[in-house]
Each structure stands twice: as C-alpha cells, then as structure tokens.
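S.K.: The structure is given below, and queries will be raised subsequently.
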Amino acid sequence: MTQPNQTLLDALVAVLKRASAYNRNDQLAPAAVLWPDQDRLWTPLIERLRDLLPLLTFGPYLPAQRSGPAYWLRCMLARTLDDQLPAGATPIIYLPGVSKADLRAVEECPRPLQPLAELQYRGVIWTHRNGREWTPAGFLQAADGAAVEVVGDGMTRDALQRALPRLVDEPLTRLRSAAPLRADFFDALLTPDTPRSLLLWLDNPERFRQQSDANAWAAFVTLVQRGYDLNPERDGQLSAAMRLGGRQGAWEQVWTRFAEAPDGYPNLPELLRRAKPGQLALFDSQETWPQDNEAEEQKLRERLFALGTLHLADGRAELGQLEREHAPRRAWVWARLGQSPLVGALAALHELVTYTSLALHGSTLAAIVEGYTDCGWRADAAALQALACVEHAGDVAAVSTALRALYQPWLEQGARAFQAACAAESYPVALSLPSSPLVGEAIAPGVCLLFCDALRYDLAQRFVSALQQQGVSVALSAELAPFPGITPTAKTAVAPVATSFTGSGASELTPLLAERQRTASAEVLRGELERAGFQILSGAATGDPSGRAWCELGAIDSYGHQHGIRLAQHVSGELRALEWRIAELLQAGWQQVVVITDHGWLLLPGELPKVELPATLTVVRKERCARLQPLVQSDQQTLPWFWDATVSIATPPGIACYEAGHTYAHGGLSAQECVIPRVQVTRSGGSTVRIARIDWRGLRCTVVVEGSALPLTVDLRSHAADASTSLVANPRALGSNGSAALLVEDEDRMGASVLVVVLAEDGSLLSQRGTTVGGA
C-alpha cells in the first residue's frame, strides 16, 4: 500500500531493501544483492541512494564514495576494512556497465569482475520477476515496482531517462493521477515553466544554455519543438522572436508572460525590432513590434504640437479624438517599459480637458475657493502629471504645447475671476490671529507642526490620498494664504508666534520681531518659537512627544524657482519624504502632526506672460507682486500688505508676471497661489503602521513593517480586503524585528501585480502597498 506522499525514490529504496529478504527457517542470509545495470541507466541516482542504503559500487577506487574494484568490494563484504557497513545490513553492489549475462557466464566473465561472480550463488541478483534487469522505465510501470502506467514509445523512454533525477522526487499519487505518462510530462519536470524558459532563452541564449545541464537543455528543446513548432538549436532566436511577435497559437501565452513582467527580459525589445517581418499579415497585431509603437508615438507627438494652432474648443475635441485612438496603447507592453511616455501624458491631458471645461467662477471669493477645492485642483494635478510623464526634449515640447493650448486659458480665466472677487469684497489681508488654531497656547501638548514650503493644494490632496491608503487618520482643510504669498511674508504669518512680529518699520516684504526690531529670518523665527516653548526638530530628530514642536521639510519652492517645469517630476520624492517624516514623528509618540504651508504657485510651460510695472514705482518687485513706493498710485490691482495695511502691494492681472522668462511663480492673486492646505495627521490605535521595505528573492518576499508594537500579520493578496485572494499558504505574523517572510507557491504568479497587506489581530486592514511578484 502506497504511503501518503511516498515518492518514487521511496518506492525504489523499499524494493531494493526487500530484495535481500529470505526465509530464516531454511535459508542463509544473502551475502549481497547484485544490481546489474549494463546501460548505466540508474547511475544518476547512485549518489542519493548511497545515503539511504548499504550501497557499494563496482568501479574505480574511491573509498569516500564507497566505490572500488572487486577485491576491495570483497573486503567490504568481509568487514575487514575500517569503513564498515551497518551491522546486519545486506550490502547492495551496484554494477554499472555489467549485465546479468556477464555474471552468469563465469568462464567468459571479464577478469576485473571474476572475484564477484561467485556472489551470484551466495547472494541474489536484483532483477524483474521475468528475469530481466530492472530499468527505470520498467520499474516505474511494474506492479511490484511503482505501478505507474507509462507510454512505451522511444521518445517517452528518452524523456524519462533525462528527467530521472527529478522524477524520483515526485509523489506516486501525482504520477498515477497523471498516467499514462508521456514524454511531455517528463520534459516538463526539467522545464516546469516552458513559456518563461523560452523568454529567458530568447533574452540571453548563451546564459540560458550555460545554466542548463545536458538533460534540461534536451528537455527544453524537445518541449519547444513539440509545443511551439520551433527547434531552438536549428531555427535560432530571430525565428523564435518572429513567432513571439506573431502571437499565434501557443505563442500567445508566451507573449502574455512577457507582457506581465517585461523588465525581466531587457534584451527582448531589440530582438523583436530585428525580427519584425517586412510585411505584416492582415490580422497581425502592431502592438508587439517596438518600431510600430514608436511610429504611433511620433504621430501623437506631431498632433500634440498641432494643438497650438487650434482654437480652444477645437483643441479639446482633437484631444478627445487622440485619446480614443491612442488609449489602447497604454495596455501595450511598451507602456510598461516606459517607451510610450506620450500616451501616458495623453491620459493626464484628457483628464485636464475634463476639469478645465469647468470654469472657476463665482460671485464671491468663497464660491471660487469652494469650486477650486471641490474639483478645480484636479486640473492642476493633471497638468503636473502630464509633465511628469515625459523627459526627452521632443516629448516635453509636445506636452508643453498642448498645455499652453488647453491649460493656460483656464488658468487665466480662473485668476481673473479670483482677482475680481478680491476687488469686490476685499481679500482677508490679516489672519484673525487671536483665534487662529496655530497661535500660542492653542497648540496642545503632543502636537508637532511640520512646515512644508509651497505645498500647493493639489499636492496636499495627493499626499493625503497616500496617507489614507496606509490607514492613517487624516483631515484636510483649506484656507487663504497671507498676502502676498511669498515665503518672507507668509511663513512667519502661519507660524504660532505670528503675534510677536510686525510690519511696522519693515523696509521690504519681511516682517520684524516687534520686541527687538530684527528681520524675521529663519533663525529669528526659530528662536521665537523656542521662547514660546516649541522644540525645534532638525534633521531626523523626533524630540519629546509630551511637549510641542516645530519642524521643517521640503524644497518644493526652491526647486520650482531653479528648475521650472522639471518640478513636476521632482514633487513625488518631496511627498514621499513628507510621508516618511510624519511616520517617524508618529512612531516616536507624537499624537498629531499638523502640516502647514505658506503659499501655492503657478506653473506653465514656456513662460508666464509679462506685464510692465516700472521699477521706479516699487520698493521691491517679485515675479507676481511688488511693494509700491509710498503715495504711488498704480493702474494695477493693489491690496494691503498682510503685516502693514498702510503698505500697498501691486499684483499683475491674470497670470502675468512683472519679469519675463518665468515658468514657476507665486505671490499674486489666483486660487493656485492663495488657497493653501492644512493637513492634520492623527495617531490611530496608538500607532501608525507603515510598510517600510519589500524585498524579493525569487518567489520569496521579505516585508519590513514600522510603527507598531501590536501583534500584526502580513499577507500577499490580489485584492487587499479579500482574504480568499491570498497568494501564500498562510499569512505570517511579524517577528520581533518587525519583519516577516512570505513564499508565493504558484510559480505562474511570477511578475503579477499584488498587494502586501498588514492586518490587525481582528483581521482589519492597517496598511497596504503594491508590489510585483519577483520584484520585476
């Protein structure tokens, strides 16, 4: 009876042990079991069997491997050597290259074998009941062997022999359930994932061949020849790549595997380029050939440039048509490889058209602010995303042209509406400081203020969304920035010590510390905060969470001034740094982190328009604001300075600047510059859980989690909230070092997009993070 999980190797060992059985009532114990193997079919297993049986080998003198000539073997049987077999065990002598007939014909027996010939009379020869020598194929099929049905053709026998070292580890139950076994089954043991093996060979044939032993290579060639109508040795790479690109029959599955994780095959795109047929068939797909994708990118590039010549309504219609034509390419493999940047930008441009079709207007400032915080910010986010998708100069120029055609009119209209509302009801030029939640004693112990310069409202929305996905308690609110929205004016105004400063006596746009008449530099501001009882947290310091603290992070504003539209690609790193800093503070014990900022900004490719304001009329002039000389009148809109209502600040119309050449600017009147976020992040459950690192080694994933001392469990799922989509046998509890290792058992999931999830004891989801199986 077959034992549960018994393997073919277990069955072979059991039968070999039974070969020495005898009737103790009327027989003597056999001196040895002789195992003839004329064709050396069993040789691949001898090394493993040596650890499981009292096995000796007739061959060269290698005592460490229990191999030696006939006289050495006889000494081993007589137990006259130091290396003795276990007491009571009947030795098994493996005779590679020796047939049963060689033993029987004593007179003609080869001289080296003659000292062993007489053992056939004192021992037993291990043979099939029909008297023939055992072969692996015979043992596998025999009722007194493994009892597994096998097809008897020569191709199957050859495949069985190639796969023998791996075949013996297969459970008999699996072998019997798959019977009758054919060549494909045995070859698949050596090449369990043929599509992936094909891709690895195509990507780097020399390395693949070096990493495959002779049996594995032969199995691979046979499987590919039989299943894909291609001989890797004779047909070569280009023929295979042509069929891969054709995606016909079984090759469709190979293409699907490539498309799931194309980064794992860096040489394949160029191979596909070389393999493209000169003339595609009627139903051949373009998406498999990189040059066809590049041609589509070029067409899209040209039509984006052409948007600059169209009226706004026509441009929006054309953008919609482009989206309908090119959207399918976002599912092509080339998009995943970063070779379709314009089609990625097109998605953001299409979203931008949706939100710029909704004008920012209203009869009051409050109505405009509400419209902007409701959905207007999405247009700004889409513009940034479109720019973030492209890097090469030609692509940047094409997207920039589209943005100037589609985004600039909306920016201009929104800014003028905002300015009109400010003129009608007056901009709230001074915060109601005594009631401000950031002033003095209103900041409760356990609260840390985190100042991030130029955190525009759309970036705050993006940042809040990321925090919410981690299960953190977040509240976002909006308010109007101190005017003008430049750091020298606004940073001190949003600090909790604003009442200690004044604009009286200030010469430019920076207030003074009222008590000492010192300019509100960063050093002076921090000194006043310390005097008010705030800890100043620099670098990675986390301070004493039982008190109050102030810390600063970010270089959005300085990067925007220096690099213009390249800010679109930079902000992702700024937001990640902000997330990590908040996690550090909450983990250190702070009850709440309040993120504050001083102003937003405008960003437009090319440059913002310029208007004139003579320098002789101003004390100081910035891109979007200017302090006027006393008693000077200007035909441009003016507002009182936040710090001193007797000081007039001029602001240009629309989105114009007082200086030429700026793509990034702030300090004027627009929703983008003046509507600023406040983000309150609060500890939940006494801790903030964060997935700090995900490392892959093959199908094994190591997850490092920070932010909780509670018992937590980690799982890998296709859908975060659905435990039935888990890819692992059992979720793993976090160790004392905050890490857990997970094993994906299904090799077919290599390259799949999944989620690492962190679970509380009750199964509730605390944090999640996307990853790719294998890390590709």
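S.K.: Checking a compactness column here: for region 690-773, what do you get for Rg(Cα) / (2.2 N^0.38 Å), N being the number of residues? Before the final figure, lay out the partial values.
M.R.: On the way: Rg = 11.6 Å, N = 84, 2.2 N^0.38 = 11.8 Å.
Rg over 2.2 N^0.38 Å, computed on Cα atoms: 0.98.
S.K.: A723 versus Q6, label points 7 Å from Cα toward the beta carbon: distance in nm?
M.R.: 3.7 nm
S.K.: Let me ask another. Where does the charge balance sit around V15 when Lys and Arg score +1, Asp and Glu -1, over other residues with C-beta under 12 Å from its C-beta?
M.R.: +1
S.K.: Next question. Report the calculated FRET efficiency for A660 and S507 (r = Cβ-Cβ distance, R0 = 30 Å), to the nearest 0.05. Before the final figure, lay out the partial values.
M.R.: Values: r = 26 Å, r/R0 = 0.87.
About 0.70, to the nearest 0.05.
S.K.: For the chain, find the longest principal axis of its Cα atoms and tell me its angle to the long axis of helix 567-587, 0 to 90°, nearest 10.
M.R.: On a 0 to 90 degree scale, this one is about 80.
S.K.: R516 to M155: extension gain in nm, 0.36 nm per residue of separation minus the Cα-Cα distance?
M.R.: Extra length from R516 to M155 when fully extended: 120.3 nm.
S.K.: Also: How much accessible area per residue does the chain have, counting only protein heavy atoms and a probe of 1.4 Å, in square angstrom?
M.R.: Per residue, the chain has an accessible area of 44 Å².
S.K.: Contour minus end-to-end for Q680 and A306, with contour as 0.36 nm per residue of separation and end-to-end as the Cα-Cα distance?
M.R.: Between Q680 and A306, full extension yields 130.2 nm more.
S.K.: Right, something else. Counting alpha carbon pairs within less than 8 Å and at least 6 residues apart, what relative contact order, in whole percent, applies to region 31-134?
M.R.: Computed value for region 31-134: 42 percent relative contact order.
S.K.: Another question, if that's okay. Which FRET efficiency, nearest 0.05, do E425 and H392 yield, Cβ-Cβ r, R0 41 Å?
M.R.: 0.30
S.K.: State, as an integer percentage, the relative contact order of region 211-302 based on alpha-carbon contacts under 8 Å between residues 6 or more apart.
M.R.: Averaging sequence separation for qualifying contacts and normalising by length gives 21 percent for region 211-302.
S.K.: Tell me which label goes with the value of log10 I(q)/I(0) by the Debye sum over Cα atoms at q = 0.05, 0.09 Å⁻¹ computed from the coordinates here: (1) -0.46, -0.96; (2) -0.36, -0.99; (3) -0.30, -0.89.
M.R.: (1)
S.K.: Keeping all protein chains in position, work out how much accessible area R404 exposes to a 1.4 Å probe, and write it in Å² to the nearest 10.
M.R.: 80 Å²
S.K.: Another question about this same structure. Using only Cα atoms, find the angle between the long axis of helix 8-18 and the longest principal axis of the chain, and express it within 0 to 90 degrees, rounded to the nearest 10.
M.R.: Value to nearest ten degrees: 30.
S.K.: Give me the dipole magnitude in Debye, nearest 20, for region 290-424 about the Cα centre, with unit charges on the beta carbon: positive for Lys and Arg, negative for Asp and Glu.
M.R.: Dipole magnitude for region 290-424 comes out near 100 debye.
S.K.: Around W590, what is the net charge, scoring Lys/Arg as +1 and Asp/Glu as -1 over all other residues with Cβ under 12 Å from its Cβ?
M.R.: Charge balance near W590 sits at +1.
S.K.: Can you tell me the orientation of helix 290-306 relative to the chain, as the angle in degrees between its alpha-carbon axis and the longest Cα principal axis, to the nearest 10?
M.R.: 10 degrees
S.K.: Please calculate the 1.4 Å probe accessible area of H326, with all protein chains present, and give it to the nearest 10 Å².
M.R.: Approximately 10 Å² for this residue.
S.K.: Give me the net charge for the shell around E530: Cβ to Cβ below 12 angstrom, other residues only, Lys and Arg +1, Asp and Glu -1.
M.R.: +1
S.K.: Quote to one decimal, in nm, the extra length available between D635 and Q279 on full extension: 0.36 nm per residue of separation minus the C-alpha distance between them.
M.R.: Taking D635 through Q279 to full extension adds about 121.5 nm, to one decimal.
S.K.: Specify, per residue and in Å³, the volume enclosed by the convex hull of the alpha carbon atoms belonging to region 134-217. Intermediate results must be reported in sequence, preceding the final value.
M.R.: On the way: hull volume 7.9 nm³, N = 84.
Given the Cα convex hull of region 134-217, per-residue volume reads 94 Å³.
S.K.: Before rounding to the nearest 500, sum -39500 (n - 2.57) across all DSSP H runs of length at least 4 in the chain and divide by the residue total; then give [θ] at 222 nm in deg cm²/dmol.
M.R.: Computed ellipticity for the chain at 222 nm equals -12000 deg cm²/dmol.
S.K.: Follow-up. Could you compute Rg(Cα) / (2.2 N^0.38 Å) for region 285-381, with N its residue count? Let's see the in-between values first.
M.R.: Working: Rg = 16.5 Å, N = 97, 2.2 N^0.38 = 12.5 Å.
Against the empirical 2.2 N^0.38 Å value, I get 1.32 for region 285-381.
S.K.: Keeping all protein chains in place and using 1.4 angstrom, which order do W550, W217 fall into by accessible surface area, from largest down? Before the final figure, lay out the partial values.
M.R.: Numbers: W550 0, W217 25 Å².
From most accessible down to least: W217, W550.
S.K.: Roughly how much of F58 is accessible, in Å² to the nearest 10, using a 1.4 Å probe?
M.R.: 40 Å²
S.K.: Sticking with this one: May I ask for the equivalent-ellipsoid semi-axes of region 706-752, computed as the square root of five times each C-alpha gyration tensor eigenvalue and listed largest first in whole Å?
M.R.: Three semi-axes, in Å: 22, 12, 9.
S.K.: Report relative contact order for the chain in percent, whole number only (criteria: Cα-Cα under 8 Å, sequence separation at least 6).
M.R.: Worked out over the chain, it gives 9 percent.
S.K.: Where the accessible area of the chain is counted over protein heavy atoms with a 1.4 Å probe, how much of it, in %, is carbon and sulfur?
M.R.: 49 percent
S.K.: Also: Taking amide H positions as placed in the peptide plane 1.01 Å from N, state which residues far from L34 in sequence (5 or more) or on other chains have amide H under 5 Å from it.
M.R.: I93, V124, I125, W126
The values are calculated or read from the model by the stated rules, or taken from the named source; none is laboratory data. Model, not experiment: these values are computed from the prediction. Here Cβ is always computed from backbone atoms with ideal geometry, including for glycine, and neighbour counts include all displayed protein chains. With ligands, DNA and RNA removed, areas are computed over all heavy atoms of the protein, side chains included. Shrake-Rupley method; radii C 1.70, N 1.55, O 1.52, S 1.80 Å.
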